């Protein structure tokens, strides 16, 4: 197998919130993403785990951060104070 110079792998995470096809029920549509270089995955994971342990020290298993749940106060997110 030939050695490839300049080939990089990025992991892309995308999340959406809202429905772009039905503006009558939702005035917002958000599409957000993060691209992380493969060599930085562990550091990125550690940073996200740090956010969880800071705000949810009683939860010891990893969980997903869903924008829709955070925005609507679903699941464990009502534990956070909502800002005006």
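Overview of results
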read-out	value
Output for the stretch 32-76, where each listed residue is under 28 Å from residue 19 (Cβ atoms) and part of a strand (DSSP E or B)	32, 33, 34, 35, 36
Residue within the stretch 2-23 that is at pLDDT 85 or above, touching a strand residue (DSSP E or B) at 6+ places or on another chain (Cβ under 9 Å), exposed (fewer than 11 other Cβ atoms within 10 Å of the Cβ) and part of a loop (DSSP other than H, G, I, E, B) present	yes
Selected residue (criterion: nearest to the chain's Cα centre (by Cα)) from residues of the stretch 24-50 that are closer than 22 Å to residue 72 by Cα and surrounded by fewer than 10 Cβ atoms within 10 Å (Cβ to Cβ)	33
Qualifying residue in the stretch 33-46 (condition: at pLDDT below 85 and out of contact with any helix residue (DSSP H, G or I) (no Cβ under 9 Å at 6 or more places or on another chain))	no
Output for the stretch 57-74, where each listed residue is within 21 Å of residue 45 (Cβ to Cβ) and out of contact with any strand residue (DSSP E or B) (no Cβ under 6 Å at 6 or more places or on another chain)	57, 58, 59, 60, 61, 62, 63, 64, 65, 66, 69, 70
Conditions (1) modelled with pLDDT of 80 or more; (2) in contact with a helix residue (DSSP H, G or I) (Cβ under 8 Å, 6 or more places away or on another chain); (3) surrounded by 10 or more Cβ atoms within 10 Å (Cβ to Cβ); number of the one not met by residue 70	(1)
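The values are calculated or read from the model by the stated rules, or taken from the named source; none is laboratory data. In this text the structure is predicted, and so the values were computed from the model without any measurement. Ideal geometry is used to build each Cβ from the backbone, glycine not excepted, and the neighbour counts take in all protein chains shown.
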